[in-house]
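Accompanying notes for the structure given below.
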Amino acid sequence: MKVTTALILGFNYFVGIYYTFFNIIYSLLLCISLIVIIKYTKRLKYAPVKEINYSPETPPVSILIAARNERDVILRTLESVFSINYPFYDVIVINDGSDDGTLELLIDKFKLKKIDMVYRNILKTAPVKAFYYNRELPNLLVVDKVRSGKADSLNCGINMSKAPYICTIDADSIVEPDALIRLMIPVIESPVPVVACGGVVRVLNGSRIEKGIVKDIGLPRERLPVFQIVEYLRAFLFGRVGWDALRSILILSGTFSLFNKNAIISAGGFHTRHLAEDMEIIVRLHEYYRKNKKPYSIKFISDPICWTEVPSTLRALARQRRRWHMGLMQSIIEYRKMIFNPSYGRIGLLIFPYYLFFEMLGPLVEFLGYLIVPTSYFLGLLNLNFFLLFLLLAIIYGIFLSTTGIFLEELTYRRYPGWDHLSRLLVYGILENFGYRQINSFFRFQATLYYLCGKRKWEHVRKNV
């Protein structure tokens, strides 16, 4: 009995120390992000958008859209892509064995004809069945291939691309007209090669779309997507902004990211066995360039916006978050040699340990903490002061971070202009810590168990069910 009590008390104190360090790190990221974003927004009016748009030296880009059963949204996404302000780009849609009529819809809508093309299998992929093209739409190519997953489809698109840069966009997303050119600005201005650059992903649910452009930004009626809006604001506006300022980006969203094509090919392409190919490719780029002692940069920019639909049911959210967390675990475990390895600089000494202890193991500590700490208090094993400290670190400080992320959005980009938007987001920023956060922690805890039990598979997310 004494041993059990000692273990429980030891775990409780570990949780207290754990949350203290976690919140210190987030506080530092918040301060850094606030300074960086305010400085960046002041420079936005001087951004050379028009100059790059009209310059003959602007690098061409191939936009890759991997589509699997996206009949309901693919035309909307293509409408958005064709509205982009960028001088030289082409669009490659890779139909990944859809069986809902996605390919037939594209053929009919764009009057596509089957053509013969040489397929350069630079990155080995599943077999390609056919190519479809319309001479009157020279910047659109549709590739039909055997079903093999998103990563393999992107590799197929890379094989077919002719531009030096590729941009990955999800098939259910809407890109703002200037998003791609803003994503290209740091690539052009950087003194070292930028091998990857990511933008902000915002929640599309609740907004009005007209001709592929988000006309009226709104909040969805459903509660679950609003919680995710608060979450995305926090994650992108001071999570990734802070890590970018420290030159330690480890994740860029595959929903909307720009890559140097030769860098991707040199690193071996997107890995098909990974559940989170967008994180894995960034980790591998870090490894490849550090290992070969080549100068490089990986950037995150806070103003290019891509809007995407998020899950509106708990079932879909659970599938998405389990896959994300298992993908994170895959990447960290596979590249564990980088942890505390000085050869990889701040990536090995700073960012990898953070993701290991606070992102990968965080759900385990958090979920068990929610169970053990309150139980210990009610059993009389903990005093009131420690219990209140736990609540402060786990919940009240979480409210502070969520509401600060919302205010940071209001102070800078103001994508949600109405006072009703702001007040509702603030309410959800508070409520998020009383249920939504715990549910998310449980899903990620589930993912940890699934991974340890060998249940590692891609869970397809139908976001509207």
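Specify the residue that is farthest from the chain's Cα centre (by Cα); the eligible residues are those in segment 120-149 that are surrounded by 17 or more Cβ atoms within 10 Å (Cβ to Cβ) and among the hydrophobic types (A, V, I, L, M, F, W, C).
PHE131
If I ask for residues that are in contact with a strand residue (DSSP E or B) (Cβ under 8 Å, 6 or more places away or on another chain), within 20 Å of VAL195 (Cβ to Cβ) and part of a helix (DSSP H, G or I), which ones from segment 151-171 would you list?
Result: LEU154, GLY157, ILE158.
Given the criteria hydrophobic (A, V, I, L, M, F, W, C), under 24 Å from the mean Cα position of the chain (by Cα) and surrounded by 20 or more Cβ atoms within 10 Å (Cβ to Cβ), does LEU426 qualify?
Numbers: hydrophobic (A, V, I, L, M, F, W, C): yes; under 24 Å from the mean Cα position of the chain (by Cα): yes; surrounded by 20 or more Cβ atoms within 10 Å (Cβ to Cβ): no.
Taking the combined requirement at face value, the residue does not satisfy it.
Test VAL214 against the criterion of being in a strand (DSSP E or B) and β-branched (Val, Ile, Thr), and give yes or no. Reasoning before the result, please.
On the way: in a strand (DSSP E or B): yes; β-branched (Val, Ile, Thr): yes.
Criteria met by VAL214.
Starting from residues that are of a type in the set (Ser, Thr, Tyr) and not in a loop (DSSP other than H, G, I, E, B), keep the ones in segment 320-354 and report whichever is surrounded by the fewest Cβ atoms within 10 Å (Cβ to Cβ). Reasoning before the result, please.
Of the residues in segment 320-354, the ones of a type in the set (Ser, Thr, Tyr) are 331, 335, 343-344, 354.
Restricting the remaining residues to those that are not in a loop (DSSP other than H, G, I, E, B) gives 331, 343-344, 354.
Working: SER331: 27, SER343: 13, TYR344: 21, TYR354: 17.
Within segment 320-354, the match that is surrounded by the fewest Cβ atoms within 10 Å (Cβ to Cβ) is SER343.
Against the definition (in a strand (DSSP E or B) and buried (at least 20 other Cβ atoms within 10 Å of the Cβ)), how does ILE174 come out, yes or no? Even if it seems obvious, please write down each step before you answer.
Working: in a strand (DSSP E or B): yes; buried (at least 20 other Cβ atoms within 10 Å of the Cβ): yes.
Spelling it out, ILE174 is indeed in a strand (DSSP E or B) and buried (at least 20 other Cβ atoms within 10 Å of the Cβ).
Within segment 264-276, count every residue that is over 15 Å from GLY157 (Cα atoms) and part of a helix (DSSP H, G or I).
Taking segment 264-276 and keeping what is over 15 Å from GLY157 (Cα atoms), we get 266-267, 273-276.
When the remaining residues are screened for being part of a helix (DSSP H, G or I), the result is 266-267.
Count: 2.
Return the only residue of LEU431, LEU388, LEU384, LEU392 being over 26 Å from ILE301 (Cβ atoms), modelled with pLDDT of 80 or more and either hydroxyl-bearing (Ser, Thr, Tyr) or surrounded by fewer than 20 Cβ atoms within 10 Å (Cβ to Cβ) (or both).
On the way: LEU388 fails: modelled with pLDDT of 80 or more; LEU384 fails: modelled with pLDDT of 80 or more; LEU392 fails: modelled with pLDDT of 80 or more.
When all the criteria are applied, what remains is LEU431.
Run down GLU79, GLU104, GLU70 and say which single residue is in contact with a helix residue (DSSP H, G or I) (Cβ under 6 Å, 6 or more places away or on another chain) and not in a strand (DSSP E or B). So that I can check it myself, show each step before the final result.
Working: GLU79 fails: in contact with a helix residue (DSSP H, G or I) (Cβ under 6 Å, 6 or more places away or on another chain); GLU104 fails: in contact with a helix residue (DSSP H, G or I) (Cβ under 6 Å, 6 or more places away or on another chain).
Selected residue: GLU70, the only one of GLU79, GLU104, GLU70 that is in contact with a helix residue (DSSP H, G or I) (Cβ under 6 Å, 6 or more places away or on another chain) and not in a strand (DSSP E or B).
Would you confirm whether any residue within segment 78-95 is farther than 19 Å from ALA163 by Cα and free of Cβ contacts under 8 Å to residues at least 12 places away in the same chain?
Looking through segment 78-95, none of the residues is farther than 19 Å from ALA163 by Cα and free of Cβ contacts under 8 Å to residues at least 12 places away in the same chain.
What are the residues in segment 118-140 that are basic (Lys, Arg) and more than 26 Å from ALA267 (Cα to Cα), if any?
Quick first cut of segment 118-140, residues basic (Lys, Arg) only: 120, 124, 129, 135.
Residues satisfying the conditions are LYS129, ARG135.
Go through the residues of segment 355-367 one by one and say whether even a single one is surrounded by 14 or more Cβ atoms within 10 Å (Cβ to Cβ), at pLDDT below 80 and among the small types (Gly, Ala, Ser).
Our first condition is that a residue be surrounded by 14 or more Cβ atoms within 10 Å (Cβ to Cβ); within segment 355-367, this holds for 355-367.
Adding the requirement that they be at pLDDT below 80 leaves none.
Checked segment 355-367: no residue is surrounded by 14 or more Cβ atoms within 10 Å (Cβ to Cβ), at pLDDT below 80 and among the small types (Gly, Ala, Ser).
Tally time: how many residues in segment 1-28 are surrounded by fewer than 14 Cβ atoms within 10 Å (Cβ to Cβ) and over 28 Å from the mean Cα position of the chain (by Cα)?
So the answer is 11.
Return yes when GLU280 is surrounded by fewer than 22 Cβ atoms within 10 Å (Cβ to Cβ) and either of a type in the set (S, T, N, Q) or over 24 Å from ILE24 (Cβ atoms) (or both) and no when it is not. Break it down into steps so the answer makes sense when it comes.
Working: surrounded by fewer than 22 Cβ atoms within 10 Å (Cβ to Cβ): no; either of a type in the set (S, T, N, Q) or over 24 Å from ILE24 (Cβ atoms) (or both): yes.
No.
If MET117 meets every condition in (1) surrounded by 15 or more Cβ atoms within 10 Å (Cβ to Cβ); (2) in contact with a strand residue (DSSP E or B) (Cβ under 8 Å, 6 or more places away or on another chain) apart from one, which number is that one?
Single failed check for MET117: (1).
So VAL200 clears everything in (1) at pLDDT 90 or above; (2) in contact with a helix residue (DSSP H, G or I) (Cβ under 6 Å, 6 or more places away or on another chain); (3) closer than 14 Å to THR255 by Cβ except one condition, right? Which one?
(1)
The values are calculated or read from the model by the stated rules, or taken from the named source; none is laboratory data. Being a predicted model, the structure only gives us computed values, none of them experimental. Neighbour counts are summed over all protein chains in view; Cβ atoms, including those assigned to glycine, are modelled from backbone coordinates with ideal geometry.
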